[in-house]
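Beneath this line is the structure, given in structure tokens, with notes to follow.
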Amino acid sequence: NYMLNRINKLLAGARDARKDAVYCVVGVDKMAFVNDAIGTKSADVLLCHVAERLADIMPTKALVARVAGDMFGVLLTGTSGRDYADYAARTLQSFRDRPIITPAAPLHITVSIGAARLGDHVEEAIDLMVFAEQALHEARVKGRDLTVEYSHSPTRNEERRATLEMGERVKHALKHNGLRLAYQPVLDAASGQVLFYEALVRMFRDDGKMIPACDFVPLIEELNLALELDYCVFDLAVKELEAYPDLRLAINISGITAARADW
């Protein structure tokens with residue numbers, strides 16, 4: 001709320017005062033995996049140290065605040081494009097070079113950054129914050145450990161809408177048996193005999209048409225659905241093994257799932 005109020009004050013002020021303002025969202029990459037690996041208490045310490053490092057890197061007049069579980073908002077005022085690029089580059093490099101000390105262990109983490117400027121197309125503070133989070137999402141989709149600046153365009157909005165719609169389809173499929181397994185044989189190179197089968201997940205629309213894995217699998221981790229998907233695949237594989245006791249299957253699971261002690 002405090003960040004929201006500060007941005008609203010900028011929007012209500014003189015146009016010159018806000019023309020060089022930039023709002024950034026810095027997200028800790030793969031925080032769900034880190035949380036499962038080191039525990040909640042150590043993860044909380046890590047986030048505190050991330051906030052301290054951001055405050056050290058950014059100029060003294062910048063406002064740094066935690067805006068979500070693994071995300072920090074940074075409001076830069078009187079900042080030129082070159083200045084912003086410098087702060088972003090320094091932030092990325094700092095996390096690459098120096099570990100964060102936690103009670104569990106020193107951890108090398110990376111961050112991704114989404115940024116949005118207070119341009120003429122920004123009418124409310126919430127719009128600016130949403131634009132920056134959209135840019136952060138794009139940075140994570142592109143591979144993480146990088147920065148993306150939001151640019152207002154119908155194409156970007158369409159891509160974002162399509163991503164959200166696909167996310168809803170994934171959630172619906174998980175709840176309504178919309179996932180199936182396909183089987184890829186793994187052969188002995190010398191004899192040509194099938195050693196086992198690799199189970200590959202497939203998703204279907206309500207009309208029965210298959211959705212390519214490349215359209216939905218990259219969204220799974222981004223939507224924090226990796227664990228739910230892995231248990232779904234596990235259940236499907238067990239049902240197949242019950243029906244065919246001699247079958248040998250290999251399933252794929254995410255690193256987030258593998259790090260859980262109860263898996």
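Annotations
- Relative contact order for the chain, counting Cα pairs under 8 Å that sit 6 or more residues apart, in percent: 17
- With all protein chains kept in place, the per residue accessible area of the chain amounts to 56 square angstrom at a probe of 1.4 angstrom.
- For the range 46-121: rounded, prolate or oblate by the Cα gyration tensor [a/c cutoff 1.5]: prolate
- Counting only protein heavy atoms and a probe of 1.4 Å, the accessible surface of the chain is 52% carbon and sulfur.
- Cα pair distances of the range 1-94 binned at 5 Å [whole percent]: 2, 13, 22, 21, 17, 12, 7, 4, 1, 0
- For the chain, the longest principal axis of the C-alpha atoms and the axis of helix 81-97 are separated by about 50°.
- Relative to the 2.2 N^0.38 Å rule of thumb, the range 111-228 has a C-alpha radius of gyration ratio of 1.43.
- Here, P(r) means the percent of Cα pairs in each 10 Å bin from 0 to the largest distance; for the chain it is 6, 24, 27, 22, 13, 5, 2, 0.
- Tilt relative to the chain, helix 213-222 - C-alpha long axis, 0 to 90 degrees, to 10: 60
- Only lysine pairs 8 or more places apart or on separate chains count here, and in the range 1-145 those with Cα atoms under 18 Å apart total 5.
The values are calculated or read from the model by the stated rules, or taken from the named source; none is laboratory data. Note that this is a predicted model, so its numbers are computed, not measured. To get the accessible areas, we keep the full protein, side chains included, count just its heavy atoms, and leave off ligands, DNA and RNA. Shrake-Rupley method; radii C 1.70, N 1.55, O 1.52, S 1.80 Å.
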